[in-house]
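Reading through the structure tokens given below for one structure.
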């Protein structure tokens, strides 16, 4: 397979099973990607990422730009070498952090000014071109365009302006991006508005056509951003499917920042291929486990003398090696191992869920898989 | 080998290399034992304990008695089953926690009253017999007598009183201890006073003789307690060797609560066989690493672009998989993985140090090993 080729190996309804080639090896879809914000998935060793078959690990450009600095990561040989993970990696642009975490100072057509209040309060200005240069320094296999994300609710006018700015920046990112070993994904915005979503998708494809006509590059995949920003997931599903399917069939579709198991299962049915979220590790550190029978809060006293496995249906190291009573004890005592073991299990849960989803697609039985999930006790929001 | 047999496989000067049989398998000495206070070695999985060849893992009776409760641990099948570690384990009596951490309310000949201020402020009273019953519930392979530990400095009168009480409690513990699958260690006290140390040792041996004459049990090993309580280690070495060698040759000698690499190397030369300490994991969580060239504070800016291994002389997972620059980044960002990886390395360092000490004893070259260590850059206090 050529670099950045996305080969569809099977479909079932709108659901797809595919394979994508990166400079650090291939990955298969549907796929959940663990988030390693500061070039570390919290509480998880690199050995464990391999044991989990994590495939792609995500890191955050904003955080690495601040600490240790993109130049340090570049000097290490890129984010893979820096963190010691030799598989495929993806960096987001930092756009989500800038627009959602209150760092924003000012956006103009040229770029975005922000203040790093969670570090040293220093002021920065990123153009799309500079953002590409930073992500090229970080050196992940897949990088994302700089985009502008609006929260929810937002006025149509706000959404329209940010969506337009995002595709304008997409064009500049595509022109600026040079590294041949890095895939670049454009990002669809448009809030909860069907027409703005489709417009965003069309503009990205127009930009790509013009780039190709001028001898430039294509987008090697597409992010679907601006969801899971406060809306009910039912609102997202009003427009998600059409948005996903408006994108080229031969490119992966990546729904950004979503990690709820049920949402993943439903989004795959709409034609989405990739996901990332801090949910499995964040909830794990707080003492909550995903399970085949729904959410488990390990702080609950009912687990104090429950010496059975966390999730009897799960084959992960946490479920085969430790009891509910012990995990509860660790969580109650704020022991690191509690967060480590629950994060490991939650990651395994989502990665395994997507592996099973893939098998269902390859067997052209995704409808049954979805129906079974939705009828089961795990079909809840976390 | 019969249960609790300690076979001396080699000596070199006063240093010994031995083998001790427990109900969960044998372990070899000299030995450093990781401390799993709440039945978890902080930041270390059970898989990692095996990978580290930790052999014996220690847990704290006081903490497990408070949470989750000795009855819960007993219901799990004992502390090994509770934490999922199938190797030998040791519990201390809790004496050190009661007398050193400010829980003490009142000691009389009968026992000790304490208030659990670090939990719920509840009040408790332990007799030596009750302490044995609790440690039998916890079910470790080696349990320790209840003793009274005094701090440093202390008046001779205080030391004398606590030493006497400790041997009186040793007698009661030996009489009360019933489980045939658990070894019981007596504990030598005596502060920094040579005569009180030797008296304590003699009294323990008298108690044992009388017990055996009456058809009772022996002590299966001896703890050396009441050191590393604030004194300079040079003060400890004024009396440590004579104390250790005053104990029966055919029983292991366990210097409690000491984890400084140089102190271990020197104490082995004095005839000590076993050690435990939170130092490797506690300093690891704070960003400090043991190394063959001395202490490393990973917060130091000089490591920011140092992409070499933590300790080039070390073969552990941390040193082979991650760079100093990356470890510094993790420590600076307070990422869990920083504490996990440094704790792992520090444990490996002490376990490996004792494995090399053992080889030196077996080769009857411990003097050279000690001299080489003391002449090297690692011969510092941590």
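Taken together, the values in this text are just the output of simple stated rules run on the coordinates, not laboratory data. A quick note: this is a predicted structure, and the numbers were derived from the prediction, not measured. With ideal geometry, Cβ positions are generated from the backbone for all residues, glycine too; neighbour counts draw on all protein chains shown.
For chain B, find the longest principal axis of its Cα atoms and tell me its angle to the long axis of helix B:194-213, 0 to 90°, nearest 10. Tilt of helix B:194-213: around 60 degrees. Residue A:292 label point (Cα plus 7 Å toward Cβ) to equivalent points in the other copies: 4.8 nm, shortest first.
If both residues of a DSSP beta bridge must be in the stretch B:60-159, then about 75% of such bridges are antiparallel.
Over the stretch B:220-295, Cα pairs under 8 Å with separation of 6+ residues give a relative contact order of 30 percent.
In chain B, the longest principal axis of the Cα atoms and the axis of helix B:128-138 are about 50 degrees apart. Springs join every pair of Cα atoms under 10 Å in this Gaussian network model of chain A, and among A:104, A:247, A:204 the largest mean-square fluctuation is at A:104.
Taking every residue in A:329-336 and counting other chain Cβ atoms within 10 Å of its Cβ, the average works out to 6.
Counting, for every residue in B:31-38, the Cβ atoms of other protein chains within 10 Å of its Cβ and taking the mean gives 1.
Determine the shape class of the stretch A:285-375: with a ≥ b ≥ c the square roots of the Cα gyration tensor eigenvalues, call it rounded for a/c under 1.5, and otherwise prolate if a/b is greater than b/c, oblate otherwise. Here the stretch A:285-375 falls in the prolate category. Here the peptides A:304-311, A:284-291, A:10-17 are ranked by packing, the mean other Cβ count within 10 Å, and the order with the highest first is A:284-291, A:10-17, A:304-311. Over chain B, dividing the summed -39,500 (n - 2.57) contributions of all DSSP H runs of at least 4 residues by the number of residues returns a 222 nm mean residue ellipticity of -13000 deg cm²/dmol.
Can you tell me the 0 to 90 degree angle between the C-alpha axis of helix A:366-375 and the longest principal axis of chain A, rounded to 10? With both axes taken from Cα atoms, the answer is about 50 degrees. Note on the protein assembly as shown: the C-alpha convex hull projects to 34.4 nm² when averaged across all orientations. Dividing the Cα radius of gyration of the stretch B:175-241 by 2.2 N^0.38 Å, with N the residue count, gives 1.29. Express the relative contact order of chain B as a whole percentage, based on alpha carbon pairs under 8 Å and six or more residues apart in sequence. After rounding, I find 18 percent. Largest mean-square fluctuation among A:182, A:205, A:333, in a Gaussian network model of chain A whose springs join Cα atoms under 10 Å apart, belongs to A:333. The distance separating the Cα centre of the stretch A:164-241 from that of the stretch B:17-94 comes to 54 Å. Taking the stretch B:275-297 and a reference point 7 angstrom along Cα→Cβ of residue B:363, the backbone N atoms nearer than 20 Å belong to B:292-293. For the stretch A:6-277, the square roots a ≥ b ≥ c of the C-alpha gyration tensor eigenvalues yield an a/c under 1.5, which makes the shape rounded. Name the most mobile residue of B:339, B:215, B:294, meaning the one with the largest mean-square fluctuation, in a Gaussian network model of chain B with Cα contacts below 10 Å. Taking springs between Cα atoms under 10 Å, the residue moving most is B:215.
Let me make sure I get this right: for the stretch A:29-99, a, b and c are the square roots of the gyration tensor eigenvalues over alpha carbons, sorted descending. Under 1.5 in a/c it's rounded, otherwise prolate if a/b > b/c, else oblate. Which is it? Cα axes put the stretch A:29-99 in the oblate bin. Would you give the gap between the C-alpha center of the stretch B:133-160 and the C-alpha center of the stretch A:350-379, rounded to a whole Å? Rounded to whole Å, the Cα centres lie 57 Å apart. Summary for residue B:123: label point 7 Å along Cα→Cβ; distances to the equivalent points in the other copies, ascending, 6.3 nm.
What separates the residue A:69 label point from its copies, with the point 7 Å along Cα to Cβ, is 5.5 nm, written shortest first.
Mean per-residue shielding of peptide B:77-90 is 2, counting Cβ atoms of other chains within 10 Å of each Cβ.
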